[in-house]
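What follows is a set of notes on a single structure, which appears directly below.
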Amino acid sequence: MKRPVTFNFSVAIFPPLSQQSNGPSPPLTPDMLYSAGSLDPRLSLSPTTSVGSSNPTNGSNPFTEEEVTTISVSTAFHPNSHPNASPDTIFTTSDSVWFYTSSTVILSRTPRAFRTLLGVSLRDSRFRDVVIPIDIPSTEFNVIMHLLYGSSPAPHSPTFDTLLKAVDRLPLLDMNPQDYVLPNTPLYSLLLSYAPLHPLDVYSLAGHHDLYTLASQCSPHLLALSLSTITDQQAERMGAVYLKKLLLLHVGRIGHLRDILLKVPDFHPETKKCTFNDQKAVSRAWALGSASLVWDARPDLSSHSIQTSLSQLMEPLLCDQCQMALKNRIKDVVARWTSVKVIVVFMKFWLDMRLPFAFDELGG
């Protein structure tokens with residue numbers, strides 16, 4: 001069941017202690033929610049589903065309708081969500097959802113987090129007394145905060161598009177995706193789970209942020225892709241290096257298949273029933289069958305398809321030795337094709353400089 005990202009609270013906001021007097025306080029305007037001192041540590045929260053309700057949940061609640069406002073608070077990052085890391089920094093997203101976070105946790109993961117957005121370090125004391133507005137939807141910001149806390153956003157069932165946008169926003173928040181989208185982390189696992197359904201989008205994301213491990217693990221799902229369907233936008237997003245590696249993976253596998261099929265079945269000593277010319281006919285049939293197989297082959301060609309196609313050459317053979325030679329050759333082809341690599345291999349620092357030898361590294 002999909003868990004909600006937010007829930008509502010009716011909030012009674014006290015004026016700053018320094019501004020309190022014995023007389024009644026003037027009502028707060030929405031703009032004052034973002035001003036220094038408007039968040040008192042005695043902030044009163046009570047669950048509700050209405051806005052500005054005049055029926056307090058507690059009969060002794062002294063606040064009037066004008067003083068009660070409903071806000072949406074993240075279910076994953078509310079005041080009591082992380083007892084071991086008390087929240088001291090509050091963010092509000094573009095759709096007005098409040099996130100109660102710990103600056104200590106955030107800065108321990110990324111010392112420069114949000115620095116470009118805020119102009120100064122999040123460590124600055126001024127950010128302990130204000131709500132920080134951030135122009136990011138709550139669904140995406142939820143993924144980012146889970147990333148900083150090292151937890152998984154999976155319980156909230158973020159969409160694939162939300163995950164992509166969240167990763168794309170990381171550099172804008174002074175966070176390098178290469179430091180966070182790592183193997184065996186929750187976000188990495190979530191992205192990889194979408195590879196069977198959206199392989200090109202995952203690969204393009206990996207290429208855009210140079211996440212070569214994610215690209216490598218995603219690439220087997222791209223073997224069935226027709227390269228002609230890649231749009232200009234997708235090619236530009238993944239970048240020239242990753243597009244080249246994908247191209248070499250496809251071309252390299254077909255090249256390896258051609259090389260594997262090049263050798264004809266072994267000849268055997270002539271007999272009265274099977275002369276040298278008879279065996280040459282078997283070689284010609286193998287050459288024609290191989291050419292047809294390579295012509296129609298795709299990078300995701302299965303070993304079963306190869307075996308089925310070549311086994312048809314057995315039907316007209318009457319010589320037991322020719323049949324045995326053909327069987328052994330088919331078995332060898334299937335074994336060698338199975339060993340050909342199906343992933344893009346990234347040899348950092350030097351593979352990009354060895355384009356003529358890329359087939360050897362990427363193909364097997």
Worksheet item: Any idea which of (1) of a type in the set (S, T, N, Q); (2) modelled with pLDDT under 90; (3) out of contact with any strand residue (DSSP E or B) (no Cβ under 9 Å at 6 or more places or on another chain) is the one SER108 doesn't satisfy?
Response: (2)
Fill in: Output for the range 73-105, where each listed residue is aliphatic (A, V, I, L, M) and under 21 Å from PRO158 (Cα atoms)
VAL73, ALA76, VAL97
Discussion item. So for the range 242-260 (the condition being over 30 Å from ARG336 (Cβ atoms) and out of contact with any helix residue (DSSP H, G or I) (no Cβ under 8 Å at 6 or more places or on another chain)), does at least one residue qualify?
Written reply: no
Worksheet item: Considering the range 292-308 alone, what residues qualify as being among the aliphatic types (A, V, I, L, M) and touching a Lys or Arg at 6+ places or on another chain (Cβ under 9 Å)?
Response: VAL294, ALA297, LEU301
Item to complete: Working carefully through the options LEU205, LEU200, LEU223, find the one that is out of contact with any Ser or Thr (no Cβ under 6 Å at 6 or more places or on another chain), at pLDDT below 95 and not hydroxyl-bearing (Ser, Thr, Tyr).
Response: LEU223
Worksheet item: Hey, any hits in the range 141-164 for a residue that's of a type in the set (A, V, I, L, M), over 20 Å from GLN217 (Cβ atoms) and not in a helix (DSSP H, G or I)?
Response: no
Worksheet item: Out of (1) in the same structural domain as ALA85 (by the TED database); (2) closer than 30 Å to VAL344 by Cβ; (3) surrounded by 15 or more Cβ atoms within 10 Å (Cβ to Cβ), what's the single condition that is false for ASP161?
Response: (3)
Fill in: Every residue from the range 75-95 that is touching a strand residue (DSSP E or B) at 6+ places or on another chain (Cβ under 6 Å) and either part of a loop (DSSP other than H, G, I, E, B) or exposed (fewer than 15 other Cβ atoms within 10 Å of the Cβ) (or both)
THR75, PHE77, HIS78, PRO79, PRO87
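The values are calculated or read from the model by the stated rules, or taken from the named source; none is laboratory data. As the structure is a prediction and not an experimental result, all values here were calculated from the model. Every residue, glycine as well, gets a Cβ built from its backbone with ideal geometry; the counts of neighbours run over all protein chains shown.
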